[in-house]
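The values are calculated or read from the model by the stated rules, or taken from the named source; none is laboratory data. Keep in mind it's a predicted model, so treat the numbers as computed, not measured. Virtual Cβ from ideal backbone geometry, glycine too; neighbours counted across all protein chains shown.
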Ligand SMILES: *[C@@H]1O[C@H](CO)[C@@H](O)[C@H](O)[C@H]1NC(C)=O
Ligand SMILES: *[C@@H]1O[C@H](CO)[C@@H](O)[C@H](O)[C@H]1NC(C)=O
């Protein structure tokens, strides 16, 4: 029994690392089909330096939003050179009093504060909240899948960069998933204990229905 299982496992490992063994890089070709391991590769002879550069995080995000924050993504969809490399980045800007609302990703995240003073934190599966005031240059790491947030607690706008252990880490924000969807108010009420009027108000703000 053990040998066939071992062989099956080895084959899986080999196939999932095939790209890194056979190619230096695999720039995404979004016009081709893609699956759980990423996009198909653009013809490597057609790759250019531009495929490996991205300027979308150069300027601050627009903080005229409900949470007074703006997040710019450099995931594989925006930056095709990241495909298959298991790495990506975002830039989050927070106006004075702004916050990056409670959300999760599939993978670990490493934050570095570029400007301002923030509190960054996460809540673990034991419902222990870990949070810390950070200054420019400080790092904070978020374990995979845990709910986390950042709040600008300083007197000036704050900015952070955050890197991820995936080219497509996903983002799921708790408020958006509750109030931007068509999940009926009665169900939201049952699963959160919030009152109906509050749910209706938040659905209006986030653009949800039902
Ligand atoms: C920022 O977003 C707000 C609200 O969506 C919009 O009205 C405004 O034009 C945007 N500003 C810039 C500079 O894009
Ligand atoms: C889980 O939380 C409880 C308090 O709510 C604490 O007593 C316990 O030590 C925690 N366990 C771990 C592994 O952190």
In segment 145-153, is there at least one residue being in a loop (DSSP other than H, G, I, E, B), surrounded by 15 or more Cβ atoms within 10 Å (Cβ to Cβ) and within 16 Å of ligand 2 (Cβ to nearest atom)? yes
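Here's the yes/no breakdown for (1) assigned by TED's automatic domain parsing to the domain that holds residue 179; (2) modelled with pLDDT of 95 or more; (3) not in a strand (DSSP E or B):
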| position | (1), (2), (3) |
| --- | --- |
| 55 | no, yes, yes |
| 61 | no, no, yes |
| 64 | no, yes, yes |
| 67 | no, yes, yes |
| 71 | no, yes, no |
Condition check: surrounded by 15 or more Cβ atoms within 10 Å (Cβ to Cβ) and over 25 Å from residue 82 (Cβ atoms). Does residue 158 satisfy that? yes
For the condition away from ligand 2 (no atom under 16 Å from the Cβ), at pLDDT 95 or above and in a strand (DSSP E or B), what is the one hit in 132, 136? 132
Unmet criterion (only one of (1) in a strand (DSSP E or B); (2) within 16 Å of ligand 2 (Cβ to nearest atom)) for residue 89: (2)
Determine whether segment 110-125 contains at least one residue that is away from ligand 2 (no atom under 16 Å from the Cβ) and over 23 Å from residue 152 (Cβ atoms). no
Checking 88, 177, 166 in turn, the sole residue that is assigned by TED's automatic domain parsing to the domain that holds residue 206 and under 18 Å from the mean Cα position of the chain (by Cα) turns out to be 177
Which fully enclosed helices (runs of 4 or more DSSP H) of segment 157-210 have 3 or more residues being within 23 Å of residue 108 (Cα to Cα)? 174-179
Under the condition of being assigned to a loop (DSSP other than H, G, I, E, B) and surrounded by 11 or more Cβ atoms within 10 Å (Cβ to Cβ), which residue from segment 36-53 is nearest to ligand 2 (Cβ to nearest atom)? 37
Restricting to segment 92-105, what's the tally of residues that are assigned to a loop (DSSP other than H, G, I, E, B) and surrounded by 17 or more Cβ atoms within 10 Å (Cβ to Cβ)? 3
Any residue in segment 111-124 that is not assigned by TED's automatic domain parsing to the domain that holds residue 57 and part of a strand (DSSP E or B) sitting within a Cβ distance under 7 Å of a residue that is modelled with pLDDT of 95 or more and buried (at least 20 other Cβ atoms within 10 Å of the Cβ)? List the pairs, counting only those 6 or more apart or interchain. none
